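A quick write-up on the structure given underneath.
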Amino acid sequence: MRKLVYYVGLSIDGYISGPGGEWDFYPLADDMVAWINARYPETVPTHVRPHVGMAAGEPNKSFDTVVMGRGTYEPALAADVTSPYAHMRQYVVSTTLGEINDPSVELVTGDPIDLVRRLKAEETGKDVWLAGGGTLAAALLPEIDELIIKSYPVVAGAGISALSGEFRPTLFTPTQTETFSNGARVTWFTRS
C-alpha cells in the first residue's frame, strides 16, 4: 500500500512560510541542495530542474503523485506555471480556486481524505507526497503515514503553520536524521 508522506520545510517555531507565503528566509547550503536533488528529485519543480543541473527526465525516486493546497499551488501560477510538477500526477485541493486550465493538474473540491484513501489503495506506484499547506495537512493528519521534516535554524515569528487545525495529538516516532552544514536537519518520523 502506498503511503502519504508530508515532506516539508519548517522554521524552528513551526512555520512552513511567512505570513505572505515567503520561504526565502530559510538558510540553504550547497550540501543540502545537492542532497535534496539526489534523494528527492521529484520534489524539485519541473521548471526549476534545468536551473539546478537536473535533467528533465530525472526519475522519481520516492513519489509519483503530489497533493497540495491552493496556497502551495499559487506561487507556480504567479510565475505562469500551471503544472509545477509535470513529472508526477498532481492534485490541488481547493474549494475556492474555481478551475485549473491545465489537464495535467486535477482540481479536487471534495473531501481530501477520500482522495488520499483512493490514492493509497492503488496497487502500484510510489508514495504520495503531501506538499502542503498547513490547513490541508491538518485535514489529512489521520492519513499521514510519515513526516519528513526539514528543520531550518531560523525563527520566523509568524506565518503559515505546518499544521493549522484542531487540537489532535498524534504520535510519530523519529527513525532517522541527517544534518547539513547550514545547521538544518532532516528528520523522518513514522506514525506510532
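The values are calculated or read from the model by the stated rules, or taken from the named source; none is laboratory data. What you see is a predicted model; the values in this text were computed from it and never measured. Note that each Cβ is placed from the backbone with ideal geometry, even for glycine, and that neighbours are counted across all protein chains shown.
Of the set (1) assigned to a loop (DSSP other than H, G, I, E, B); (2) under 25 Å from residue 18 (Cα atoms); (3) in contact with an Asp or Glu (Cβ under 6 Å, 6 or more places away or on another chain); (4) of a type outside the set (Asp, Glu), all apply to residue 125 but (2). Of all residue pairs spaced 6 or more apart or on separate chains, those with beta-carbon atoms under 8 Å, a first member in segment 163-180 that is within 19 Å of residue 152 (Cα to Cα) and a second member that is basic (Lys, Arg) are 177/185; 178/185; 179/185.
For segment 35-69, a residue qualifies if it is of a type in the set (D, E, K, R) and either farther than 24 Å from residue 21 by Cα or free of Cβ contacts under 8 Å to residues at least 40 places away in the same chain (or both), and the qualifying residues are 39, 49, 58, 61, 64. Please verify whether residue 25 is of a type outside the set (Val, Ile, Thr), over 22 Å from residue 126 (Cα atoms) and modelled with pLDDT of 95 or more, treating the condition exactly as stated. Spelling it out, residue 25 is indeed of a type outside the set (Val, Ile, Thr), over 22 Å from residue 126 (Cα atoms) and modelled with pLDDT of 95 or more.
Would it be correct to say that residue 130 is part of a strand (DSSP E or B), in contact (Cβ under 8 Å) with a residue 40 or more places away in the chain and either of a type in the set (Gly, Ala, Ser) or under 25 Å from residue 44 (Cβ atoms) (or both)? So residue 130 passes the test.
Filtering 162, 139, 156 for residues that are more than 24 Å from residue 36 (Cα to Cα) and crowded, with 19+ Cβ neighbours inside 10 Å leaves a single hit, 139.
Of the residues 82, 95, the single one that is in contact with an Asp or Glu (Cβ under 8 Å, 6 or more places away or on another chain), without any contact (Cβ under 8 Å) to a residue 24 or more places away in the chain and outside any helix (DSSP H, G or I) is 82. Would you call residue 93 at negative phi, hydrophobic (A, V, I, L, M, F, W, C) and in contact with a Pro (Cβ under 6 Å, 6 or more places away or on another chain)? For residue 93, the condition - at negative phi, hydrophobic (A, V, I, L, M, F, W, C) and in contact with a Pro (Cβ under 6 Å, 6 or more places away or on another chain) - is met. In segment 100-116, the residues that are touching a residue at least 60 places away in the same chain (Cβ under 8 Å) and within 18 Å of residue 129 (Cβ to Cβ) form Cβ pairs under 7 Å with partners that are acidic (Asp, Glu) and crowded, with 17+ Cβ neighbours inside 10 Å, at six or more places apart or across chains, as follows: 116/143.
Looking for whichever is of a type in the set (S, T, N, Q) and crowded, with 17+ Cβ neighbours inside 10 Å here; the options are 83, 181. Which one fits?
After applying the criteria, what remains is 83.
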